[in-house]
């Protein structure tokens, strides 16, 4: 029976070749477009979901009002915000972020440009799931002038292979014209494409407000708004 149905359908297709071609082509294009849209939507919805704490992490935004009207909405805010929230609410863990880039990273006579860095508190690594593959996995950014490289940047600077990235831990690089070298304490996996935070390296946030080029307002200040803030609520907390 199915054989007869197939023969009948085939004959109809052959009788109306142009009409059949238009229908089949339209159906094929429609199905392909639908699959591409589904793939795009699926990727967009997957943003930051690789983080095991994704459901409990929030980004602090800064809304400014003038005469009752919203005049500015952004993510740049004050260095003291996260700590103040943590002091007032024990359910809160926070991490400050200072974006830095694109910059030039130097090692001996080798220079790698267009690299993006984030100055972060050590708590950043427990909040977000950027996997350390070599080096200190507990407190890699505890001290000033310490740095974590992504695997790709470690390979670019030092010319190592995937199974040799552990050899770069303990070495030091220069960022831009900073006279103080940054010690590499760890190497992490490359940042997933579905992460809204992108970086080639992380450096200790304490570097921003200590040392010869210190920016004191980066520690605790409500006047200079140059920073990003993320807070993680204790699981089960009603935000």
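Observations, loosely collected:
- Taken over segment 179-233, residues that are part of a loop (DSSP other than H, G, I, E, B), free of Cβ contacts under 8 Å to residues at least 60 places away in the same chain, out of contact with any helix residue (DSSP H, G or I) (no Cβ under 9 Å at 6 or more places or on another chain) and surrounded by 16 or more Cβ atoms within 10 Å (Cβ to Cβ) amount to 0.
- Residues in segment 77-110 that are farther than 25 Å from residue 177 by Cα and in contact with a helix residue (DSSP H, G or I) (Cβ under 7 Å, 6 or more places away or on another chain) were compared, and the one that is surrounded by the fewest Cβ atoms within 10 Å (Cβ to Cβ) is 92.
- Condition check for residue 20: at pLDDT below 90, touching a helix residue (DSSP H, G or I) at 6+ places or on another chain (Cβ under 7 Å) and not assigned by TED's automatic domain parsing to the domain that holds residue 131: yes
- Close contacts from segment 114-133, counting a first residue that is within 13 Å of residue 200 (Cβ to Cβ) and outside the structural domain of residue 83 (by TED's automatic domain parsing) and a second that is buried (at least 21 other Cβ atoms within 10 Å of the Cβ) and modelled with pLDDT under 95, with Cβ to Cβ under 9 Å and a gap of 6+ residues or different chains, come to none at all.
- In segment 154-169, the residue that is nearest to residue 182 (Cα to Cα) out of those that are surrounded by fewer than 17 Cβ atoms within 10 Å (Cβ to Cβ) and free of Cβ contacts under 8 Å to residues at least 24 places away in the same chain is 167.
- Residue match in segment 135-142 (condition: out of contact with any helix residue (DSSP H, G or I) (no Cβ under 6 Å at 6 or more places or on another chain), modelled with pLDDT of 90 or more and either outside the structural domain of residue 177 (by TED's automatic domain parsing) or farther than 23 Å from residue 232 by Cβ (or both)): yes
- Contacts under 7 angstrom Cβ, first residue in segment 53-80 being without any contact (Cβ under 8 Å) to a residue 60 or more places away in the chain, partner in a loop (DSSP other than H, G, I, E, B), 6 or more apart: 54/48; 61/75; 73/61; 74/61
The values are calculated or read from the model by the stated rules, or taken from the named source; none is laboratory data. These numbers were taken from a predicted model, which means no experiment stands behind them. Please note: Cβ atoms are built from the backbone with ideal geometry, for glycine as well, and neighbour counts cover all protein chains shown.
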